[in-house]
1. Per-residue counts of other Cβ atoms within 10 Å, averaged by peptide: what ranking do you get for 133-140, 86-93, 237-244, highest first?
2. Which sequence of 344, 188 reflects their accessible areas, 1.4 Å probe, from the largest down?
3. In the chain, what percentage of the DSSP-assigned beta bridges are antiparallel, given to the nearest 5?
4. Quick one: pull the percent of accessible area on the stretch 72-149 belonging to carbon and sulfur, 1.4 Å probe, ligands and nucleic acids left out.
5. With a probe of 1.4 Å, find how much accessible area the stretch 210-355 has per residue, and write the answer as a whole number in Å².
6. Which whole-number percent is the relative contact order of the stretch 1-80 (Cα, under 8 Å, 6+ apart)?
7. Run the accessible area of the stretch 217-310 with a 1.4 Å probe and give the carbon-and-sulfur part as a rounded percent.
8. If you line up the long axis of helix 73-85 against the longest principal axis of the chain, both from Cα atoms, how many degrees apart are they, to the nearest 10?
Amino acid sequence: MHQFDTAAYSIFLGPLADALPEWLRARDYTRVLLITDENTRRCCAPVLESAWQALGIRPEIAEIPAGEQHKNIDMCARLWQAMLDARLDRRALAVNLGGGVIGDMGGFCAATWKRGIDFVQAPTTLLSMTDAAIGGKLGIDFQGIKNTVGVFQNPAAVFVDPVFLKTLPARELRSGTAEVLKHAQIGDPDLWRILTGKDYNSPDFDWLSVLKASIAVKVRVVTEDPFEKGLRMVLNYGHTIGHAVETYFLGTDDPLTHGEAIAIGMIAESYLAYGEGERLSEIVAGIRAYFPHRQVPEGALSAVWSYMLQDKKNAGKSVRMAVPGDAGPYSMRTMDLEQRMLADGMAYYAAGRTG
Ligand code: GLY
């Protein structure tokens, strides 16, 4: 078991069935509510059976439908109803077993239930293991705009069990690699070399080391800047354009995964920030090795721009973008974008250059 300690909570990297009971035994919660979706209830919850038996507890279970389209206020009402039915008092615990939607929304519902009960994150996707579950950002989408309503509230603990990576469809696993590539660019050149030098589909791929390195980057950034007043903005690398592209595609018949959208965003933003040259080539080659080209219709750009105007980093009328800086690991550069620059970045992406 590998453990990361932050000032507020610990992150355990290893078997959930060992780590969670040990952690729970040292605490005195009145009730436990396991929050799942239909997939994680079937594929992941059985891992915990022996743990509940050993602890002599039977958690209440709340199950919601899987998918980003359900990360909304109606589904929160369903979770709060489950909390009411389970009679959760202020000393109860919510266990969020799932990907980013379960972690963000289950955490948000727990953080607002009776003004806040403890919750733990048990992420089951690569994306949530390496990014969403760490750092206390919780919330839901509103009027189709991603993560517009939410709070900062740290979990009581995070349990990252790599065994769940085996339950993921190939496209979902690949989606998560976008955040790992992002962390490598932000703080760990060795991690970038591992990711771009080895085939992540190979059975020998060392996920444990990749998770360890990727989580370490996230922990360092959120520890330095928990409320995104400075350095934490760099975690939005690829997301200023990528989130807006993702939101646009959510309204189509063929939505992108989060990672697919962020990959597009990282390429377009890197072009705007660094221009042509070695740095851009390296980034583009690395990302394109994971993510095949996806056409974004030119007619989509005005919708993408209007979604970008909603970005939480903005101050005033322009769109604020943050990318890794020029002074090595953990440096950051911010730029203010105008609509014309979005068109330039997307034209570079559309050209399909591979490095
Ligand atoms: N996922 C970006 C952040 O946690 O700040």
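The values are calculated or read from the model by the stated rules, or taken from the named source; none is laboratory data. Bear in mind the structure is a predicted one, so any value in this text is a computation, not a measurement. With ideal geometry, Cβ positions are generated from the backbone for all residues, glycine too; neighbour counts draw on all protein chains shown. Calculation scope for accessible area: heavy atoms of the full protein, side chains included, ligands and nucleic acids excluded. Shrake-Rupley method; radii C 1.70, N 1.55, O 1.52, S 1.80 Å.
1. Working: 133-140: 23.9, 86-93: 16.4, 237-244: 27.2.
By packing density, highest mean first, the sequence is 237-244, 133-140, 86-93.
2. Details: 344 70, 188 35 Å².
Ranking 344, 188 by accessible area, largest first, yields 344, 188.
3. Numbers: 15 of 36 bridges.
Antiparallel: roughly 40 percent of the beta bridges in the chain.
4. Working: 1430 of 2710 Å².
The nonpolar share, carbon plus sulfur, comes to 53 percent.
5. Values: 6120 Å² over 146 residues.
Value returned for the stretch 210-355: 42 Å² of accessible area per residue.
6. Working: 63 pairs, mean separation 22.1, N = 80.
Dividing the mean separation by the residue count of the stretch 1-80 yields 28 percent.
7. Details: 1840 of 3650 Å².
That fraction is 50 percent.
8. Relative to the chain, helix 73-85 is tipped by roughly 10 degrees.
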